Amino acid sequence: MEFKKCDVIVFVVSIALLMIGTGIYFIFRTPIRVFEMLGITQYQIVVLKTQNPFNYFLVYCFSDALWYMSLLLLQTYFLIGKGFLNRLLIIIAIMLPFLLEVFQYFDIMSGTFDWYDILTYCLTLILFLCLKKLFLPLCYK
């Protein structure tokens, strides 16, 4: 399989977004249950007052946006093609964070439902679709 320069860029950017989002969790968030279950020790390094809308976004929404963008980029990287399975996996990737929020709302899954997360996912999806429309034709002529 031959990789194009765009493939490598998309892969590296998506991994970087994943790492930055995880870094935000480690720096600004109190211990997270998922990390504890994996045996990863986590300490809140910086405490921000989240009454400020920017701080709230940074602490509670930005990492989710970065993870979602990473997921969308990775699915683009791995699932280039028009087969049924590829389309199904893309639809699942697009819907996943919204479903997780719904599961949190109905207490099917632990976590806190947040309308700001829904808004963040919508804005991230719109940004991803705009970027895909702009840059994908340049990469795959």
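Quick note: the coordinates plus some simple rules give every number you see, no bench work behind them. Just so you know, these numbers come straight off a predicted model, no measurement behind them. With ideal geometry, Cβ positions are generated from the backbone for all residues, glycine too; neighbour counts draw on all protein chains shown.
From most to least packed by mean Cβ count within 10 Å, the peptides 16-25, 84-93 give 16-25, 84-93.
The order of CYS139, CYS130, going from fewest to most other C-beta atoms within 10 Å of their C-beta, is CYS130, CYS139. Considering all alpha-carbon pairs of the stretch 75-141, what whole percent are spaced by more than 17 angstrom? Pairs farther apart than 17 Å: 54 percent.
Taken about its Cα centre, the stretch 56-141 carries a charge dipole of about 680 debye when Lys and Arg each add +1 at the Cβ and Asp and Glu each add -1 at the Cβ.
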